[in-house]
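Working notes, structure below.
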Amino acid sequence: MSLDSRAVIVWEPGAALRPEPIQVDDPGPGEVLVRILASGVCHTDLHVRDGKIGTPPILLGHEGAAIVEAVGDGVEQPRVGDYVILAWRAPCGNCRFCRRGLLHLCAASLNARPRQHTPSGEFPPPILGIGTFASHTVVAAGQAIPVSKDIGPAEACLIGCGVMTGVGAAWYTAGVRAGNSVAVFGCGTVGTSVIQGARLARATRIIAVDIEPRKLEWARQFGATDTIDSSQVDAVEQIKALTGGFGVEYAFECVGSAQVLQQVLACRDLAGIATLIGVPARDSSITLDLPRYFDLGGSLRVSWYGDCLPSRDFPLLVDLYRGGDLRLSELITQRVSLDDVDAAFESMQRGETLKSIIMFE
Ligand SMILES: [Zn+2]
Ligand SMILES: [Zn+2]
């Protein structure tokens, strides 16, 4: 049996998006069918629409909070009726990384077979194996992480991608600790979540850098102790001035720009850790002044999904939200419907929104 749904699909880069009818098939073995309650609108979806990532057709949406409506053969968890946050990492338990206990590096993360199809029988693959710009989707059981119902779906869905990526980059990829100094370049959802992760780890100096004054104001709400408008001043010089001339112990690139990455590398203290989180444009590259890079020591790391383990970290972030430590409601600029995806992309591009949330009820 298949059920009727509506979904937003990119058929060709740059074309206007509107929901269209699709059908969703039953879950297969090891898969679950979920009803989406809320889905965040992420930059990755925008990049797919614009042809910068992936090859269409692609069904959009990968930040979802949902209810499990049916489970396939062999699924013990989650159960029908569970409230879940969808994850794009579900460790297989069997690849060369999982066998060494490095589940966050799983090279064969589990996905369901595409089950969302058009009336004419085309199966546009869902982005990151999720596909939440639709009322229903089917994912691997391990991608649906049960959480407490004490968090609303608009807040919960944020944990599924942007917030987890930022908090995890601070905690796991970089390893920020109490008393550290941190600089964060780019203060959208991911950047402000790096700031929150650093605040939760008790970093004492958290410097936010952006070219939009509005985003710097937001950054303060999430825990930035200092802000720098890099459209007006030299960010590297300012960071050094704020840190006794030395630079920061941890610096984060949340834009995906080669030019910003150079600043991130340059603003570090001796042995400082730089972390690249922003997805770089396809043909971008940097030139390294190698003697200078060598003399400074430290390292450059790359963070995918904050090196998180969703089954461990999603419930933890929900607990931190419930205790008032993790701020999620403050990220939500507007709630919209599935018909408003393009408008939500436009306001994100204009820097007017931190997050738009598509609500399904
Ligand atoms: Zn694996
Ligand atoms: Zn995302």
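The values are calculated or read from the model by the stated rules, or taken from the named source; none is laboratory data. Remember, predicted model here, so these are calculated numbers, not experimental data. Ideal geometry is used to build each Cβ from the backbone, glycine not excepted, and the neighbour counts take in all protein chains shown. Side chains included, ligands, DNA and RNA excluded: accessible areas come from the protein's heavy atoms. Shrake-Rupley method; radii C 1.70, N 1.55, O 1.52, S 1.80 Å.
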Checklist entry - Hey, what does the equivalent ellipsoid look like for the chain, semi-axes from the Cα gyration tensor as sqrt of 5 times each eigenvalue, largest first, whole Å? => result 35, 21, 19
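Kindly report the accessible area of the stretch 15-159 per residue (heavy atoms of protein chains, probe 1.4 Å, no ligands, DNA or RNA), in Å².
39
Determine the sum of side-chain charges near Gln334: Lys and Arg each +1, Asp and Glu each -1, restricted to other residues whose C-beta is under 11 angstrom from that of Gln334. Walk me through the numbers before you get to the answer.
Working: positive: Arg335, Lys355; negative: Asp340, Glu352.
Around Gln334, the surrounding residues sum to 0.
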Checklist entry - Using a probe of 1.4 angstrom, how much of the accessible area of the chain is carbon and sulfur, in percent? => result 51
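In the neighborhood of Ile67, defined by Cβ-to-Cβ distances under 14 Å, what is the net charge if each Lys or Arg adds +1 and each Asp or Glu adds -1?
Numbers: positive: Arg35, Arg79, Lys149; negative: Glu69, Asp82, Glu361.
Summing Lys and Arg as +1 and Asp and Glu as -1 gives 0.
Under 11 Å from the Cβ of Ala203, count the other residues' Cβ atoms, weight Lys and Arg +1, Asp and Glu -1, and hand me the total.
Spelling it out: positives minus negatives among the neighbours equals +3.
Using helices alone, I'd like the mean residue ellipticity at 222 nm for the chain: each DSSP H run of four-plus residues gives -39500 (n - 2.57), total over residue count, nearest 500. Don't jump to the answer; show the numbers that get you there.
Numbers: 10 runs with 89 residues, N = 361.
Only helices count here, giving -7000 deg cm²/dmol.
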Checklist entry - For the stretch 170-217 and the stretch 286-308, what is the separation of their Cα centres, given in Å? => result 18
Next on the checklist: Just to compare against my own numbers: the Cα pair-distance distribution for the stretch 241-361, 5 Å bins, whole % per bin, please.
Outcome noted: 2, 9, 12, 14, 16, 17, 14, 9, 5, 2, 1, 0
Checklist entry - So which trypsin sites (Lys or Arg not before Pro) in the stretch 98-161 are both in a DSSP loop and have at most 15 other Cβ atoms within 10 Å of their Cβ? => result Lys149
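How large is the charge dipole for the chain, taken about the Cα centre, if only the Cβ atoms of Lys, Arg (+1) and Asp, Glu (-1) carry charge, to the nearest 20 debye? If you can, show how the numbers build up before the last one.
On the way: 31 positive and 40 negative charges, 188 e Å.
About 900 debye.
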Next on the checklist: Can you compute log10 of I(q)/I(0) for the stretch 178-243 with the Debye formula, treating each Cα as one identical point scatterer, at q = 0.13, 0.24, 0.25, 0.26 Å⁻¹?
Outcome noted: -0.28, -0.94, -1.02, -1.09
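Keeping all protein chains in place, calculate the accessible area per residue for the stretch 261-316 (probe 1.4 angstrom), answer in Å².
Working: 3110 Å² over 56 residues.
Here the residues of the stretch 261-316 average 56 Å² of exposed surface.
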Checklist outcome for this item: Among Ala16, Leu338, Ser285, the residue whose Cα sits farthest towards the positive end of the charge dipole of the chain, when +1 is placed on the Cβ of each Lys and Arg and -1 on the Cβ of each Asp and Glu, is Ser285
